[in-house]
1. Among the chymotrypsin sites (Phe, Trp or Tyr not before Pro) in the stretch 99-198, which ones are in a DSSP loop with at most 13 other Cβ atoms within 10 Å of the Cβ? Mind listing them?
2. The stretch 121-198: percent of C-alpha pairs farther apart than 14 Å?
3. Under a cut-off of 20 Å between alpha-carbon atoms, report the aspartates and glutamates in cross-link reach of Lys106, not counting same-chain residues fewer than 8 places apart.
4. Ordered by residue, what ³J(HN,Hα) values in Hz, to whole numbers, does the stretch 64-77 give under the Karplus form 6.51 cos²θ - 1.76 cosθ + 1.60, where θ = phi - 60° and Gly and Pro are x?
5. With Cβ to Cβ distances under 14 Å as the rule, what net charge do the other residues near Trp149 carry (K, R +1; D, E -1)?
6. Could you give each residue of the stretch 80-91 its phi-based ³J(HN,Hα) in whole Hz, using Karplus coefficients 6.51, -1.76, 1.60 with θ = phi - 60°, and x for Gly or Pro?
7. Packing-wise, with mean Cβ within 10 Å as the measure, how do 65-72, 82-89 rank, highest first?
8. ³J(HN,Hα) across the stretch 132-143 via Karplus (A = 6.51, B = -1.76, C = 1.60, θ = phi - 60°), whole Hz, x for Gly/Pro?
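Please treat every number below as a calculation from the coordinates, not as lab data. What you see is a predicted model; the values in this text were computed from it and never measured. Backbone-built Cβ (ideal geometry, glycine too); neighbour counts: all protein chains shown.
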Amino acid sequence: TDEQGEDFTVEFLAIAPMLFTPGMGVKKKNSKPMSKKFSAMFKDIESKLGRLLSHNEQEIMLMWLEEYKFSTQTVVLLVEDCIKRDKRMIQYWDTMADIYHAEGIKTYDQLQNYIDRREAVNKRNKEIMQYLGIFDTPSKPQRDMIDKWFDSYGFDMEKVKKACDETVKITKPNFAYIDKILTAWHEGKDTPQPPQGA
């Protein structure tokens, strides 16, 4: 009897059957047994990372496989590339996965080609910056100009460096002037005069 004088009964439930009987109690997320293919992928990544992956990290990678249709080899390469660039957090990996998905990348070969091109472009940009005596990473406007010189205008490194040599006529390297020179050459015109006061 409770404080109000009403009768009630207490029922004791057996907890063990709820814990161990399929379909009873609370199920864990992703309770299906892990496939050997996925287990091998995680072990490969863990060996490169030097630590175990968290459950959250594994869940995000499985999402890439399901929603982005990445192959397991693509996922391993994605993480391996990030680790090489000292990017070891899942948030960064997930951002890169979004970028690759937007680029239509799914297979290992597609991603490897993308990485190879990125590295070649970075090497090219660094060579130009150092040729100008600049040891900073180029800004986005500078990268856009360099892309234009090579991709749109079709100039090679020798031609671009020749335009860079024209900057000796001004006080310090000026990307806008180099761009003006290469644009003129692309249009079949003579080398333009340096900007006033430079």
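1. Phe135
2. 58 percent
3. Once the sequence-local aspartates and glutamates are set aside, what remains near Lys106 is Asp44, Glu57, Glu59, Glu66, Glu67, Glu80, Asp81, Asp94, Asp98, Asp116, Glu119.
4. Each residue of the stretch 64-77 in turn: 4, 5, 7, 8, 8, 6, 5, 7, 4, 5, 5, 4, 4, 5 Hz.
5. Result for the local shell: -2.
6. 4, 5, 5, 4, 4, 9, 6, 10, 10, 9, 4, 4
7. 65-72, 82-89
8. 7, x, 10, 10, 8, 6, x, 6, 4, x, 5, 4
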